[in-house]
Amino acid sequence: MDELRGLGVEVTTYPEYSIHQASPTCSRSGQNRQLSRFFKSYSPNWLQHVFIEFMSIARGLWYSFRLGLWAKQFKSHPPDVIYGRVSYCDWAPWLIGHTLCRPIILEVHSPHYLERTFRGWKQSRILQKYEQLQWKYASLIRVVSKPMVKILEREGITPERISFIPYGVEILPQRVKDPSCHSSNLTIVFVGSFYSWHGVRILLEAVALVKQHIPDLTLELIGDGQTFHGDKQLTRILGLEDIVRFLGWLPRHKMLDHVRFADIAVAPFLHIEPFYFDPVKILDYMSTGVAIIASRLERIAEMLHYGRGGILVPPGNAQVLADNLVILAKNSHLREQLGIAAQEILEEEGYSWESTAQRVKGLCQEAIEHKGPPFSEVDASG
C-alpha cells in the first residue's frame, strides 16, 4: 500500500489493512487464533467443515452489506478501479464495482475449491461454480503464482485477462556475525501455516536425526494451524521439547528478525497436485539472506534457480533433509554463499516492493481504459 501511495496512487482500503501478523498470546485477535487453533485440532473434520462454511458465508454477507453502505459515500467521488483479493463467499468487490460502475481487478492466490481437498474435505461443485463466476465477472485478474495462470486458463479465462505479478519483498541486509561470539548453537527456523502439506512433521523427524550429530541446536516454528497440537505432541514423543520453540504468529518485523538471525530456514513442503502457489515463506527467507533448504517441487525449484539459491531435497524424506541440515550446519561458508545467491535472484527477478507496485499500478491503468462493466459483459454484448 505504501509503495502504491508513493507512486501517487490514492488508495482506500476496506477493511483497514494491517501489515502485521497477529500475536497468538495477546490482543483479541490473538485470543481468537488460540480458540481457532483448539477448534481445528480437536473437533471432527466434518464439524470444522460446517463451521468454516457458515462463518465464511456470514462474513461475506456482512462485508457485502457494509461495503454497500460504504459505497454510497463515494457517489460524488468514486474510485477509478476496484481491487480486491478473492475470498470464499465474498461478493463485496463485485457489489461495489457494479454499484459504482467501475472496473474490477481480482487478486487470486488459490483455487479455494481445490485447496479444501488438501484439508481433507470433499470438493464442492457449488464452490467451484461460485469461484468461476467471480473470475468471469472480473475485468482483470492478478495471480501471484505462475501455476495459477494455467489453472485459470483451464477454467476458461482468456490469457489477456490474467497477469502474473508476484509478491513483493524488502531485501534485508544479511546479519553480521560477531566474531567475539563463540556460541556453537545452530538455529533452524520454519515459518508458515501448520497444515499437513507444509511438512512440519517431516521437519521434526529430521531434527530428531540431526540432534544425534549436533545436540546444540534450536528449532523455531513460527506460525499456527490445523496440525499445531499434533506437532506439539510429536515434539514430546521425539524428545525434542528442550530444543523446539513454538512461537505462533509474530508481527511481521519480528518474524523477519527471527529468520534473519537463524542459520538455516526450511520449507519442507510435501508433494500435492497441483502445487499452485509461490510460497511466501520462500521469498521471505530469500530476502533475509539466510541459507535455505526446500522441497524439490517444480515451482520452488524455479524460484531458487534449481539449487543456486538454496538446497533442494525430495519432499517427504526426513533422512535426506536431516543429512543436508548437517551439511549446512558444518559449512558456514556454504550457508553464506547460498544466502547471497538467494538475494541476487530476488533482485534479478524483480521481486522488490517497488517493482510489484509499479506492475499493480500498470494493471489498474489497463483496467481503467475499459471503464464500465467487466470485459466478459462487454464482450457478450458485442
Pairs over 23 Å Cα to Cα, from Lys146/Lys232; Lys146/Lys254; Lys232/Lys281; Lys211/Lys232; Lys129/Lys150, come to Lys146/Lys232; Lys146/Lys254
Sort Cys101, Cys364 so that the residue with the fewest other Cβ atoms within 10 Å of its own Cβ comes first and the one with the most comes last.
Cys101, Cys364
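Tell me, Kirkwood radius of the stretch 186-349 from alpha-carbon pair distances, in Å?
Details: mean 1/r = 0.0645 Å⁻¹.
For the stretch 186-349, inverting the mean 1/r across all distinct Cα pairs yields 15.5 Å.
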Which order do peptides 151-160, 351-360 fall in by mean Cβ count within 10 Å, highest first?
351-360, 151-160
Positive-end residue, the stretch 186-349 charge dipole about Cα centroid, Cβ charges, pick of Leu250, Val207, Leu321
Val207
Give, rounded to the nearest 20 debye, the magnitude of the charge dipole that the stretch 186-349 has about its Cα centre when Lys and Arg contribute +1 at Cβ and Asp and Glu contribute -1 at Cβ.
380 debye
Hey, fewest Cβ within 10 Å first, where do Ile202, Ile264 land in order?
Ile202, Ile264
Just to be sure I understand the model, the point goes 7 Å from the Cα along the line to the Cβ. What's the resulting Gln233 to Leu172 distance in nm?
3.4 nm
Near-label residues of the stretch 188-204 by backbone N, under 19 Å of a point 7 Å along Cα→Cβ of Glu241:
204
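Determine, for Glu348, Glu107, the number of other Cβ atoms within 10 Å of each Cβ, and report the residues in order from fewest to most. All intermediate terms of the calculation are to be shown ahead of the outcome.
Numbers: Glu348 9, Glu107 17.
Going from sparsest to densest Cβ surroundings: Glu348, Glu107.
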Sorted by chain and number, the residues with a modelled amide H under 5 Å from that of Phe164, at a separation of 5 or more or across chains, are Val143
How far apart, in nm, are the 7 Å Cα→Cβ label points at Phe164 and Trp62?
3.7 nm
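Each value in this text was obtained by applying a stated rule to the coordinates, not by laboratory testing. None of the values given here were measured: they were computed from a predicted structure. We place every Cβ from the backbone using ideal geometry, glycine too, and count neighbours over all the protein chains shown.
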